[in-house]
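Novice: Take a look at the following structure, please.
The values are calculated or read from the model by the stated rules, or taken from the named source; none is laboratory data. Keep in mind it's a predicted model, so treat the numbers as computed, not measured. Using ideal geometry, Cβ is built from the backbone for each residue, glycine included, and neighbour counts are taken over all protein chains shown. Heads up: the accessible areas ignore ligands, DNA and RNA and are worked out on the full protein's heavy atoms, side chains in. Shrake-Rupley method; radii C 1.70, N 1.55, O 1.52, S 1.80 Å.
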Amino acid sequence: MNVEYDIVLTWGSLILVLGCVVVLYFNKHKIQYWSLLQNKKRIEAANCIVEKDHIYFPKGYYFKFGYLKNKDKLPFSVINEIRTNTFPITARINTNEIVFLLGLDEEKCIQLKDQANIILTNPMDNWSLICEEFLDTECSVELKERILQQLEKNGIHPNEVAQIKKHIASRMLFRTFISWEWQYYGQFDVLKVLWFLNSKKYWWTMDIALRTHKKQ
C-alpha cells in the first residue's frame, strides 16, 4: 500500500511540476508578445517623414533632451551624416548628438543623400559592441576580447567598458529575457532601458556613441 502511495505521490508531483513549467512558459510568451506589440505601436507612432528640406516627426521626437526637445522638424542643414549601420538608422547632428530616424529605410537614405547631399556612413557602432554579450546568443571569450580591442581604439578602455556594462547589465538582460533578442542592441535600446531617463543619462550615451579613433 505504501509503495503504491509513493508511486502516486511521485507521479502527482511530476505532473504538478510539469504543469507549472507549461504555465510559466506560456505566460512568458504572452508577456513577450504583449511587450513586443506595445513596443511596435510606440515605435511606429514615432516614425519620421522625409520632407523637402527637413525630416518631420509627426508625433514629436522620441527623446526630449536634445536638439528636438521642443521641435518636430530636423533641418537637413544640421545633419552631418546618416549612419546606416545602426538600428534604427541614425543621424549625427551638430557634431555632438545622435538622432534616431525611426521608419527610415535604405531607399529613403539614398533619397536623402541625393536630395540633400548628406553623406551616408558606417562608423563603428560602440553601443552595439558594448551590448553584444547581452544578446540571446553565444558570446565567446575570443569575441569579447576582439570587442574590447575595437572599443579601445575608439578611446573606450576596458575598465570603462566594465563600468558601463555593470551600469546597464541587469536592465539589458531583463530586456533579453522578455524579448529573446539575439541580433542587435544599440544606443536606442540602452536609452529605452535607462528608466527615469534624464538629460545626464541621455548625454552620457551620446558621449559613448560618438567616441571615435583619432588619427595622430
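Novice: For a Förster distance of 41 Å, can you work out the FRET efficiency between the beta-carbons of residue 119 and residue 167, rounded to the nearest 0.05?
Specialist: 0.80
Novice: What does the accessible area per residue of the range 102-145 come to in Å², with a 1.4 Å probe and no ligands, DNA or RNA counted?
Specialist: With all protein chains present, the range 102-145 gives 58 Å² per residue.
Novice: Counting DSSP beta bridges with both partners in the range 79-216, what percentage is antiparallel, nearest 5?
Specialist: 80 percent
Novice: Out of the GluC sites (Glu not before Pro) in the range 62-146, which ones are loop residues according to DSSP with at most 14 other C-beta atoms within 10 Å?
Specialist: 138
Novice: Within 11 Å, Cβ to Cβ, of residue 158, how many net charges do the neighbouring residues add up to if Lys/Arg are +1 and Asp/Glu are -1?
Specialist: -1
Novice: I've got another one for you. Just subtract the alpha-carbon distance of residue 139 and residue 95 from 0.36 nm times their residue separation and send over the number in nm, one decimal.
Specialist: 12.6 nm
Novice: Another one. Taking 19 Å as the cut-off for C-alpha to C-alpha distance, list the pairs among 69/192; 153/201; 52/192; 64/201; 64/192 that go past it.
Specialist: Cα-Cα > 19 Å for 153/201; 52/192; rest within.
Novice: Further question on the same structure: Provide the solvent-accessible area of residue 192, counting protein heavy atoms only and rolling a 1.4 Å probe, rounded to the nearest 10 Å².
Specialist: Probe radius 1.4 Å; accessible area of residue 192 about 40 Å².
Novice: I'd like the chymotrypsin sites (Phe, Trp or Tyr not before Pro) in the range 96-181 restricted to DSSP loop residues with at most 15 other Cβ atoms within 10 Å, sorted by number.
Specialist: The qualifying sites are 180.
Novice: Say R0 is 30 Å: what FRET efficiency, to the nearest 0.05, do residue 146 and residue 77 get from their beta-carbon distance?
Specialist: Computed FRET efficiency for residue 146 and residue 77: 0.20.
Novice: Now for a separate question. Explain nothing, just the number: relative contact order of the range 51-111, from Cα pairs under 8 Å at least 6 residues apart, as a whole percent.
Specialist: 22 percent
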